[in-house]
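In what follows, a single structure is set out as structure tokens and then discussed.
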Amino acid sequence: MEIKELVKAGVHFGHLTRKWNPNMSPYIYSEKNGIHIINLYKTIQKLEESCSALEKIASSGRKILFVATKKQAKDIVSKYAEEVTMPYITERWPGGMLTNFITIRKAVKKMSAIDRSKQDGTFESLSKKEKLSVDRTRAKLEKNLGSINSMTRLPGAIFVVDIRREHIAVREAIKLNIPIFAMVDTNTDPRLVDFGIPANDDASKSIEIILNKVTSSIKAGLDQRNKEKAEEKAKTDKEDIKEKD
């Protein structure tokens, strides 16, 4: 990742100086026209640290939950999270998503049960009114939880685009000691997260360049895991053949 790429994407633009959080001072390079400018050398350093840690988490088989409900981040986050088969929340954060995960998981299972009823014919035995009610329930669950249906246990980490907006998600993760990775703009408190990447969390190009780099590292971790599993299987198959001989 080069400085000029980050500049082109506007990663260096922070918020108005009067809206700053003093805890971001180590990551601020200067101010221009009343706006703080982020130190992109720090951005690269923190991005590399984050990517290294995320790669390890992905290679361990744990899920990384992406959280971004702001308009300009939704499509970007869903696109990149889907590319690496990771769960994501881009609609309203369901309260208790992490701290009351058992209940959330039950709702996801309910969605799966509805799908099964449509496949095995049970759905067809319902009245027209009941079908309509079930379809509405399914649509609501899909909108809020469809993107996390692969998450069978608490994630190994969460990645947040805007920690001020997603403060409930951050609070729940802190409570459960789930590592938090996040883009931290000049109006945020980086002390709330484990891995903060100083960056403009409002511009779509800035969000995209960070997500692209982050998910590339996650993919590398997944590839490493798949390689190790394939090698282990080959070894087991070889031992089985020897035993038969």
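The values are calculated or read from the model by the stated rules, or taken from the named source; none is laboratory data. Being a predicted model, the structure only gives us computed values, none of them experimental. Here the Cβ positions follow ideal geometry from the backbone for every residue, glycine too, while neighbour counts run over all protein chains shown.
Filtering segment 138-157 to residues that are farther than 30 Å from Val11 by Cβ, surrounded by 12 or more Cβ atoms within 10 Å (Cβ to Cβ) and modelled with pLDDT of 90 or more leaves only Leu154.
Specify which of the listed residues (Glu82, Glu55, Glu130) is closer than 25 Å to Pro155 by Cα, assigned to a helix (DSSP H, G or I) and out of contact with any Ser or Thr (no Cβ under 6 Å at 6 or more places or on another chain).
Numbers: Glu55 fails: out of contact with any Ser or Thr (no Cβ under 6 Å at 6 or more places or on another chain); Glu130 fails: closer than 25 Å to Pro155 by Cα.
Residue meeting the stated conditions: Glu82.
Taken together, the residues in segment 58-77 that are touching a helix residue (DSSP H, G or I) at 6+ places or on another chain (Cβ under 7 Å) and part of a helix (DSSP H, G or I) amount to 6.
Set side by side, the residues Val170, Val134, Val160 differ, and just one is buried (at least 20 other Cβ atoms within 10 Å of the Cβ) and either outside the structural domain of Glu31 (by TED's automatic domain parsing) or touching an Asp or Glu at 6+ places or on another chain (Cβ under 8 Å) (or both), which is Val160.
Residues checked against (1) modelled with pLDDT of 90 or more; (2) among the small types (Gly, Ala, Ser); (3) surrounded by 15 or more Cβ atoms within 10 Å (Cβ to Cβ):
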residue: Ser78; (1), (2), (3): yes, yes, yes
residue: Ala81; (1), (2), (3): yes, yes, yes
residue: Thr85; (1), (2), (3): yes, no, no
residue: Thr90; (1), (2), (3): yes, no, yes
residue: Asn100; (1), (2), (3): yes, no, no
residue: Val108; (1), (2), (3): no, no, yes
residue: Ser112; (1), (2), (3): no, yes, no
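Among the candidates Met183, Met151, the residue that is assigned to a loop (DSSP other than H, G, I, E, B) and either acidic (Asp, Glu) or under 17 Å from the mean Cα position of the chain (by Cα) (or both) is uniquely Met151.
Residue pairs whose Cβ atoms lie under 9 Å apart, sitting 6 or more positions apart in sequence or on different chains, and linking a residue in segment 12-38 that is outside any strand (DSSP E or B) to a partner that is among the aromatic types (Phe, Trp, Tyr), are His12/Tyr29. The condition of being part of a loop (DSSP other than H, G, I, E, B), surrounded by fewer than 23 Cβ atoms within 10 Å (Cβ to Cβ) and at pLDDT 95 or above holds for only one of Asn177, Asn212, that being Asn177.
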